[in-house]
Amino acid sequence: MASIKVKFRNSSVENKKGSIFYQVIHNRITRQMATDYRVFPHEWNTRESSLTADTNADRFAEASSIAYEIKLDLERFSKIIRKYETKGIPYSADDILSGYKKYMREYSLNSFMTSIIRKLNRTGKVRTAETYISALSSFKKFLADYSIETHRFRTNDIMLDSLTSEIVEAYESHLRCKGMVPNTISFYMRILRAVYNRAVDKGDIEQSKPFRHVYTGIEKTVKRALTIKSIKKIKSLDLSKTPPAEFARDMFLLSFYLRGMSFIDMAFLRKTDLINGYIIYRRRKTGQLLTIAWTKEMQHILDKYPQNSTPYLLPIIKSTSSKERSTYRNMGYKINYNLKTVARLAGVDIRLTMYCARHSWASAAKTKGIPISVISKGMGHNSEVTTQIYLASLDNSVVDRANAKLIRML
């Protein structure tokens, strides 16, 4: 069986740090692999092939960090060798080194998560990719600070097999100190946990449950749903003298009319999606195909604005370019900002955003006794398999009649 030895090479300059390298021996063939670990000669125990405790206080943290990383490296080498031995595959010392380098490339948090982000973008799940990018950026900023404090890591990256409860709990504390609310902290934790579990599922990372002591639940949030009475007030407002607020109000109402359609789906609706009195589109979040009857109330809002010169149906993205995604986001910010004015004028005491339209449609439908199955179908939910099996045979006209019933109430 192959063996791995840790070796120290003195510097050619006296009293300078020497370098640590690994020696891989298999079938009498020896290969070496350099590392970027540097220690002084008096910090190395040649007989034990390990670092000594003979170091001053200034060097203790860095030396401890190097010792910790060497320990992890040896475990990785052993794992690679065991994999070859278990499968009975012939291998060489070069194969061991190649396997180690491949493992280090693929299973750092940055590289593994980046590969997931690329896949999400390729499959059209751009919004999900953006949340992963945000979570990765947040964790890298934390890790840079954590590395300075603990000297545990020397970069703002980390191997997934190095992710411990201690580090994850420190990250939670870091986010809390930045003033983030529990649900936001949980959001980042759940993304990182999903990434970690995906690596575990591939079989190369052992499950150590590093997220078991941090909060990954969802707290009940501030009420987001408006009553029908409040939506009527918003609809009746005369906003002709404040066009930005009027446009924000109209987009909010249109989202409600469209069964709580998300803003990103509204922004990217194409003119070709309106066919014979029906909007037929796929949710960008889930890919689910939905059909919604186009009503006179929806057409009334569309007629208020000049026809969009782009392929898009609504006047949200008004030019086709590589910056469409940025345009959609900026318009979302502007609309949500102007909805504050709408809320104030209507006497609405909740934080009004486009997302409130989705909550409001579901809440209003439930209040009027519309079955949960119809509501779920109308909103395009597909997270519960049993619900999806039941809804598969539900006639879409049932949902359209339910939606018409809500619109007539306004």
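The values are calculated or read from the model by the stated rules, or taken from the named source; none is laboratory data. Source: prediction; values computed, not measured. For neighbour counting, all protein chains shown are included, and Cβ atoms are generated from backbone atoms with ideal geometry for every residue, glycine included. For the accessible areas, the whole protein counts, side chains as well, though only heavy atoms, and no ligand, DNA or RNA atoms are used. Shrake-Rupley method; radii C 1.70, N 1.55, O 1.52, S 1.80 Å.
Residue pairs whose Cβ atoms lie under 7 Å apart, separated by 6 or more positions or on different chains, with the first residue in the range 196-215 and more than 17 Å from Arg82 (Cβ to Cβ) and the second among the small types (Gly, Ala, Ser) and open to solvent by less than 100 Å² (accessible area, probe 1.4 Å), are Pro210/Ser165; Arg212/Ser165; His213/Ser165; Tyr215/Ser186.
Looking across the range 113-135, the residues that are among the hydrophobic types (A, V, I, L, M, F, W, C), open to solvent by less than 50 Å² (accessible area, probe 1.4 Å) and over 19 Å from Ile205 (Cα atoms) come down to Ile117, Leu120, Val126, Ala129, Ala135.
Every residue, every condition in (1) touching a residue at least 12 places away in the same chain (Cβ under 8 Å); (2) among the aliphatic types (A, V, I, L, M); (3) over 30 Å from Thr128 (Cβ atoms), yes or no:
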residue: Ile234; (1), (2), (3): yes, yes, yes
residue: Ser240; (1), (2), (3): no, no, yes
residue: Pro243; (1), (2), (3): no, no, yes
residue: Phe252; (1), (2), (3): yes, no, no
residue: Tyr257; (1), (2), (3): yes, no, no
residue: Ala267; (1), (2), (3): yes, yes, no
residue: Asp273; (1), (2), (3): yes, no, no
residue: Gly277; (1), (2), (3): yes, no, yes
residue: Tyr281; (1), (2), (3): yes, no, no
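Scanning the range 112-121 for residues that are closer than 17 Å to Met159 by Cα and in contact (Cβ under 8 Å) with a residue 12 or more places away in the chain turns up Phe112, Met113, Thr114, Ile116. Inspection of the range 72-95 finds no residue satisfying the criterion of being under 27 Å from Phe142 (Cβ atoms) and of a type in the set (Ser, Thr, Tyr). Within the range 19-30, identify whether any single residue is more than 30 Å from Lys87 (Cα to Cα) and either open to solvent by 100 Å² or more (accessible area, probe 1.4 Å) or in contact with a Gly (Cβ under 6 Å, 6 or more places away or on another chain) (or both), and answer yes or no. No, the range 19-30 contains no residue that is more than 30 Å from Lys87 (Cα to Cα) and either open to solvent by 100 Å² or more (accessible area, probe 1.4 Å) or in contact with a Gly (Cβ under 6 Å, 6 or more places away or on another chain) (or both). Identify, please: which residue in the range 347-357 is open to solvent by 10 Å² or more (accessible area, probe 1.4 Å), of a type outside the set (Ser, Thr, Tyr) and in contact (Cβ under 8 Å) with a residue 12 or more places away in the chain and is, among those, nearest to Ile292 (Cα to Cα)? Checking each candidate, the answer is Met354. In this structure, Ser360 does not qualify as open to solvent by 10 Å² or more (accessible area, probe 1.4 Å) and either in contact (Cβ under 8 Å) with a residue 60 or more places away in the chain or part of a helix (DSSP H, G or I) (or both). Mind checking which residues of the range 85-110 are without any contact (Cβ under 8 Å) to a residue 12 or more places away in the chain and of a type in the set (Ser, Thr, Tyr)? Those that are without any contact (Cβ under 8 Å) to a residue 12 or more places away in the chain and of a type in the set (Ser, Thr, Tyr): Thr86, Ser98.
Quick grid of which residues meet (1) among the hydroxyl-bearing types (Ser, Thr, Tyr); (2) closer than 20 Å to Ile66 by Cβ:
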residue: Lys7; (1), (2): no, yes
residue: Ser12; (1), (2): yes, no
residue: Lys16; (1), (2): no, yes
residue: Arg31; (1), (2): no, no
residue: Thr35; (1), (2): yes, yes
residue: Arg38; (1), (2): no, yes
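Scanning the range 313-338 for residues that are among the hydrophobic types (A, V, I, L, M, F, W, C) and either open to solvent by less than 20 Å² (accessible area, probe 1.4 Å) or part of a loop (DSSP other than H, G, I, E, B) (or both) turns up Leu313, Leu314, Ile316, Ile317, Ile335. Reported count of residues in the range 170-196, each being open to solvent by 40 Å² or more (accessible area, probe 1.4 Å) and either in contact with a Pro (Cβ under 9 Å, 6 or more places away or on another chain) or not in a helix (DSSP H, G or I) (or both), is 6.
Which one of these is open to solvent by 60 Å² or more (accessible area, probe 1.4 Å) and out of contact with any His (no Cβ under 6 Å at 6 or more places or on another chain): Asn45, Asn56, Asn110? Exactly one residue qualifies, and that residue is Asn56.
Being over 15 Å from Phe256 (Cα atoms) and either within 27 Å of the chain's Cα centre (by Cα) or at pLDDT 80 or above (or both) is a description that does not apply to Ser397. Being assigned to a helix (DSSP H, G or I), among the hydroxyl-bearing types (Ser, Thr, Tyr) and either modelled with pLDDT of 90 or more or open to solvent by 20 Å² or more (accessible area, probe 1.4 Å) (or both) is a description that does not apply to Ser147.
Taking first residues from the range 160-179 that are over 26 Å from Arg105 (Cα atoms) and partners that are part of a loop (DSSP other than H, G, I, E, B) and not hydrophobic (A, V, I, L, M, F, W, C), the Cβ contacts under 9 Å between residues at least 6 apart in sequence or on separate chains come to Glu172/His213; Glu172/Tyr215. Say whether the condition of being among the hydrophobic types (A, V, I, L, M, F, W, C), out of contact with any Cys (no Cβ under 8 Å at 6 or more places or on another chain) and in contact (Cβ under 8 Å) with a residue 60 or more places away in the chain is met by at least one residue in the range 46-67. Taking every residue of the range 46-67 in turn, at least one turns out to be among the hydrophobic types (A, V, I, L, M, F, W, C), out of contact with any Cys (no Cβ under 8 Å at 6 or more places or on another chain) and in contact (Cβ under 8 Å) with a residue 60 or more places away in the chain. Taking Val342 as the residue in question, decide whether it is of a type outside the set (Ser, Thr, Tyr), closer than 25 Å to Thr227 by Cα, surrounded by 14 or more Cβ atoms within 10 Å (Cβ to Cβ) and touching a Phe, Trp or Tyr at 6+ places or on another chain (Cβ under 8 Å). Judged against the criteria, Val342 is a match.
Kindly indicate whether Ile218 is modelled with pLDDT under 90, aliphatic (A, V, I, L, M), out of contact with any strand residue (DSSP E or B) (no Cβ under 6 Å at 6 or more places or on another chain) and farther than 30 Å from Asp400 by Cα. In short, yes.
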